[in-house]
Structure formats: C-alpha cells, structure tokens
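This report concerns only the one structure given below.
The values are calculated or read from the model by the stated rules, or taken from the named source; none is laboratory data. Please read these numbers as outputs of a predicted model, since none were measured by experiment. Positions of Cβ are backbone-derived with ideal geometry, glycine not excepted, and every protein chain shown enters the neighbour counts. The area values use the complete protein model at the heavy-atom level, side chains included, leaving out ligands, DNA and RNA. Shrake-Rupley method; radii C 1.70, N 1.55, O 1.52, S 1.80 Å.
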Amino acid sequence: MLPEAGGSWASELGRQLKNSAGSSSVAAMTSATRPLWAGFMRAARNFPQRPAVVAERETVSYADLRDSACSIAATIQRYSEFSSTQLTAVLAYRSRTAFAGVLGTLLAGNGYVPLNRTFPEGRTHAMFERSECRSLIVDAKSLPQLGCLLEHAQQRILVILPDVRDVAPLAAKWPMHRFVASEDLSPASHWQEPALETDGLAYLLFTSGSTGTPKGVAVAQRNVISFLDYMVERYDVSEQDRLSQMFDMTFDLSAFDMFVAWERGACVCCPTQKEIIKPDSYIRNNDLTVWFSVPSTAVFMKQLSLLKPGSYPGLRVSLFCGEPLPVSSVQAWSEAVPNSIVENLYGPTELTIACTLYRWDALHSEAESEMGIVPIGYPYPGMNYLVVDEELHEVSPGEQGELLMSGPQMSLGYWKDARKTADAFINVTDHTGVYYRTGDRVRRPQSGAPLIHLGRVDSQIKVLGHRVELGEIEAVVRKHCGSDAVVAVGWPRTSSGYGGVEAFVENQVENHHLRDAVRSELPEYMVPRKFHFSDRLPRNANGKLDRAAISKLLDGKHD
Amino acid sequence: MIEASSEQIRTFLQQYIVEKSLAGGKESPGELADDCDLLLSGMIDSLGLLDLMGAIQQHCQQEIDFEALDPEQLTVVGPLCRYVSEQLASR
C-alpha cells in the first residue's frame, strides 16, 4: 500500500491503470507477484559463496551481503515507530553499505531513496526533505553530510550506521534522533519477510525539474520486475557474469546493474570514484562481461584511443543509455568488443530504467540511423507507444511527434505531486489506458522500422518564424567538426522565438571552415551565427550534456 | 610532439581547471597545491577527468599511456604532472 500522504495521486493513477481494460499492461502488471528482493535471496540460497558485489575493491559474497542486508532490514523492522513513510534513504556511495542498505531497505518492505555525498548538500537535503523519509542508512565516508540532513529535520529520524561502532558523539550532538551503531544492529535471523504490496515502492529517484525543484519519481517494485524479467532473459545473464556499475545509485540505470546481476547470481562490479576514470583498466582487471554506461564514456574513451580494435574480448554485452548514442562512437566501440552485442537503450526514469532498445548491426544500422544518432529501436514487451502532435492526435507513419508510452513499466507518478503527475500521465482520446508524455520527439516508424529519436520536444524552436529542430543543426555540425559533443542554442530571444542560433562544440581546436561546411547543408536561418569552442562543455551529475547550463553560458558571453 | 617539465604541465593544468571552473559557474580555485586531489575536491568529476586526460594528450601532441599510474595518484596534481613529464621525457 502506498504511504497515506501520497495516497491520493497514486490511487487515482492506479484506478485509471486498472480501468484500462484489455490493455496488455494490466496482464503484465498483475503477473508481477514477487518482491524485488526475491531474486537476490534466491541467488544467495543457490550461490552463497559466489561474489555478489565488488565495492571499495573488496569482494562480498552473496551469503555475506545477505547477512548485512537482513540485519539492516531487521533493524528497520525493530523500530517500527519510524515507519510512517514506507521509504528509507540510503546516504552511501559506492560502498558495501550502499548495496546492503538498498537490499536491507527492500527486505524491510520499504522503497529506497538514494542520496549521494558527491552532490551539493543543498540538493541532498532537498531530496531527503521531499521524500519525508523517517529512516536513513549512512556509510562511513558520507558521515560529514549527515549534519545537513539532521539539522533541519522536523521529525525524529532513525539513523542506521553499519560502519560506526560508537554513536555516542552523534547522539549527544543530535539528541532528538535515534542512532543505531554497527554492534546494535538486529541479528539477521530476526528479519521477517514483509507482506507483498501491489504498489510497493522499489525506489524514489529525483530528476531535474524544469522549475529547478527536483521531482521525485515513484517507481514500484512491479515496474522493475517487469523490466528485469525481460532483461535477464534477453541477455541470458548467469552466475558467471560480471556487470559494471558505472552509474551512481541516484541515476536509475544503476538499478539495471544491481538487480539484473542479483536476479541470476552474477556479480556487480562497482568501481571506486577513482577507478571510474580508468574504464579500460577496470574492464580488464575485473573481467567484466556486461558493460553499461552513458554514451559519453565511449566518446571519451575514443578520444583517449582506448577503443583500439579487439581491446575488450571478455565483454559479451555492451549497453548504452541516458543520452543520444553517436554512430561514430558505437562503431569504434563495436570494433573494440569483438565478442559483444551492442545495444542502445532508451527510457526516462518515469518508465523504469529503459523501455525501448536497438541492437547495433554493422551492416544495416548506419543506414537506419538519422543525423548520426543510433535509433532507439523497439518497445519492450508489453510497452505500447503512440507518436502524437501537439493536440495529442496520432501522426501518420513517417511523421514526427511526441513519444507517449504506456505499459507495465510506467511508474506511479511524481511523489506527492498530483498536479505534475496529472500533467505528464494522461489519457489519450480513442486509446485505452494512461500514457506517459516523454517530452521526446521521435519519428513514427513505418512498419517494421525502428523508432528514431530526434530530440526533445522543447528543442524545437522558432527562428525568425521558421520551425527549427536544434537536433538537426547539431547533427550537421557534429558531422563536420570532429566532435560528438555539440549543443545548438537559440539566440537571441525575440518576442516570437529566436533571432538565430549559436552552437557550442566540445573541441579544443577552432575549426574556421566549419561555418562554410554547415552552410552547404542547412538553410541560412539554421546556420549558427557563432561557434563557441570549448575543451569541455558542462555536464550534469549523470554525465549528460547540460543544455540549461550551456544556454546560460550565452547570457554571460553576450552581457 | 613536445617535451615538457612537470612545472609546464602544471601551468597547463592550472589554466585548464580555472577555465573549467569559470565555465561551470564556479569560482576560480586559485593556485593548485601539489597534494590537491582534483576529483575528491569536487573541482572535476570522473567524466571531466577523462576529458582532462584527452586535453593533456592534445596539449602534448602525443598519446600518453596513463595505464601505469595508479588511479589514486592520477587525480592528484603533483603526481599527475610528474608522471606526464616523465612519460614525455622517456619517448
């Protein structure tokens, strides 16, 4: 059952979902009848001594991780007075406690709220406050940030510290809260299996909101189970596999690494903050078999000449998600991984990790790509899509519009924000069920063709009255500038749109012929009036190019 | 291909970090100490470090093998500058 205070928005969305009679999503939804932790516990029974995770350069077996997680879960269950919200925050970073904390939270019947000590304290505090968590798990290195969460807490918080033996100084400093030291954790044997709730939460993840306030996306365990069932079968994951964890837990793609691995007894290999910067060494030294990262990592590896042909023969699955995947990067990657399939995944957090995919094929894929970007492919089983115009009418095949999706991976909506949920999760005339508005612009495919991602809906602007797709300009600039990282921005603003376009190129060397090359392919109103060369463009915490921050650079440049 | 002393690499690094900080809306970090850890200090993130390695290669006009440098040292100003300089001298 969902938390009381969040019941109104969630129950309404749940009611609409259940009323979508006949849709495949309902069948898939009700088929998810196991909790998210079940796969891990089964693997721990079958493979107790196999590695479940490598964190902080230490290997932790399934049996050991199960004991740590059950002990945390039993502790949460012991202090039931802190369970008014079925969420527990995990302030831990790439540590054993981070993984035990996530599992322990789920085993206690709660959803986890990942917090990240490398984020600014203000952002972490805002996430914690908005989640209304009453319990919190903290690892040793995140302790310095504990103050920012507890100083302003309005309610008493249960703080579980599996890495701290003496909590007396903390208790003296913050007497209002309850601290549990490592030696006071409940024994693992005291863990009690929680009841299975239909809409039991897996996690609450915060994404950037256009207003600057992070939005909490509430993802149910059944959403993740639906995703997992497809992924483990598709990639035939086994206990022999070793999966990368390049993503921080505050990025929902990290859920793939953990839960896909644990579903089949495989190992999650989590590099330290420093090991991440040597992805080539990490792949080799840890015998990785499954790779998953943002495309930017491949872009940088290519620049550093780390994608030489045949470099990583041990990889058998390579996946990219989170931003557009350039053809040139995937070509270089494919040559470096001679024994690996390479797939481009797409999906907003609201649709649970990823919901469409495309397998790269050296023979045909380049022709299927548009503007130098790999297609996002085909929906996962049970996921339905529509491509609609501004009036939410379906466009004809071959035309472009906004991508709407529906199905078992559609999340519960925005945490305690009925208005934003209603704006994004909508009914569409003549179509049953609720659809999520992705805000992504795609081409509605002809029969059998893949979905093509063309940019964000809001990346289409009016320049001197012309409708201009910034992604198209970026594609042409990308083709001629030798860099995959290009961002086009409307500038200057006018009452009816923009007076022109300027482009940012991540390249140290200015290319004086770029304008001429671009002019040969684009009408004059689309040719950037100015090119800004920078050796590195701003990226957000997840490694994606930060369009808003890049736009702000223009404000400074034109002051 | 160029040869460069540890100090010259540091000057490049200093300039790179200052530009990066200003572009990201942060304050200029001032003089970089020998033991300054670029990653742990939050001056630069993991993808930024990959980019920095690429920028150093471009600046030095040759491929630098970062493989032998321990990740713990790779992000620290002094060891990084000395390592790059030694790599250039050994070619």
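Here are the numbers for this structure:
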quantity	calculated
Using a Förster distance of 56 Å, the FRET efficiency for residue A:449-residue B:28 (Cβ separation, nearest 0.05)	0.65
Cα lying deepest toward the dipole's positive end in the protein assembly as shown, options A:357, A:473, A:68, charges on Cβ	A:68
Simple Cβ-charge dipole of segment A:261-340, Lys/Arg +1 and Asp/Glu -1, about Cα centre, in debye nearest 20	140
Relative contact order (%) - criterion: Cα under 8 Å, at least six apart; region: segment A:431-523	20
Contour minus Cα-Cα distance for residue A:429 and residue A:46 (0.36 nm per residue)	133.0 nm
Taking chain A and dividing mean pair separation by its residue count, relative contact order in percent (alpha carbons under 8 Å, at least six apart)	12
Taking the C-alpha atoms of segment A:226-271, convex hull volume expressed per residue in Å³	59
For residue A:491, residues with placed amide H under 5 Å, excluding near neighbours	A:499, A:500, A:501, A:502
Cα gyration tensor shape for segment A:62-172, rounded if a/c is under 1.5, else prolate or oblate	rounded
CD proxy at 222 nm, helix term only [per DSSP H run n ≥ 4: -39500 (n - 2.57); per residue of chain A; nearest 500]	-9000 deg cm²/dmol
At R0 = 30 Å, FRET efficiency that the Cβ-Cβ distance of residue A:34 and residue A:418 yields, to 0.05	0.55
Summed buried accessible area for A+B [probe radius 1.4 Å, Å², rounded to 100]	2400
Percent antiparallel among DSSP beta bridges (both partners in chain A, rounded to 5)	60
Stretchable slack from residue A:339 to residue A:529, in nm (0.36 nm times residue separation minus alpha-carbon distance)	63.9 nm
Net charge dipole size for chain A [Lys, Arg +1 and Asp, Glu -1 on Cβ; Debye, nearest 20]	740
Of all accessible heavy-atom area on the protein assembly as shown, the percent that carbon and sulfur account for (1.4 Å)	49
From phi via Karplus (6.51, -1.76, 1.60), per-residue ³J(HN,Hα) for segment A:156-164 in Hz, x at Gly/Pro	6, 10, 8, 10, 9, 10, x, 9, 10
Segment A:354-445: C-alpha pair distances exceeding 20 Å, %	42
Pairwise Cα inverse-distance average, inverted: Kirkwood Rh of segment A:168-270 (Å)	17.0
Average beta-carbon neighbours from other chains, 10 Å sphere, peptide A:277-288	3
Paramagnetic label zone (point 7 Å from Cα along Cα-to-C-beta, residue A:517; backbone N under 17 Å) in segment A:439-483	A:472-483
Distance-filtered residues of segment A:251-291 - backbone nitrogen under 16 Å, label point 7 angstrom along residue A:540 Cα→Cβ	A:251-254
Cα-based Rg and Dmax for segment A:302-427, where Dmax is the largest Cα-Cα distance (Å)	17.4, 51
Formal net charge of residues neighbouring residue A:355 (Cβ-Cβ distance under 14 Å; K, R +1; D, E -1)	-3
Cα-Cα P(r), segment A:263-349, percent of pairs per 10 Å interval	17, 53, 28, 2
Hull shadow area, averaged, segment A:413-520 [alpha-carbon convex hull, nm²]	11.1
Value of D in µm² per second that Stokes-Einstein yields for chain A, Kirkwood Rh from Cα pairs, at 10 °C (1.306 mPa s)	65
Kirkwood-Stokes translational diffusion coefficient of segment B:46-91, alpha-carbon pairs, 20 °C, 1.002 mPa s, µm²/s	199
Mean accessible surface per residue for chain A, computed with a 1.4 Å probe while every protein chain stays in place, in Å²	38
Amide proton proximity set for residue A:111, modelled H, under 5 Å, gap of 5+	A:87, A:88, A:201
Dimensions (Å) - chain B, Cα atoms, principal axes, largest first	38, 23, 22
Per residue solvent-accessible surface (Å²) - chain B, probe of 1.4 Å	47
Pair residue B:68, residue A:458: separation of 7 Å Cα→Cβ label points (nm)	5.0
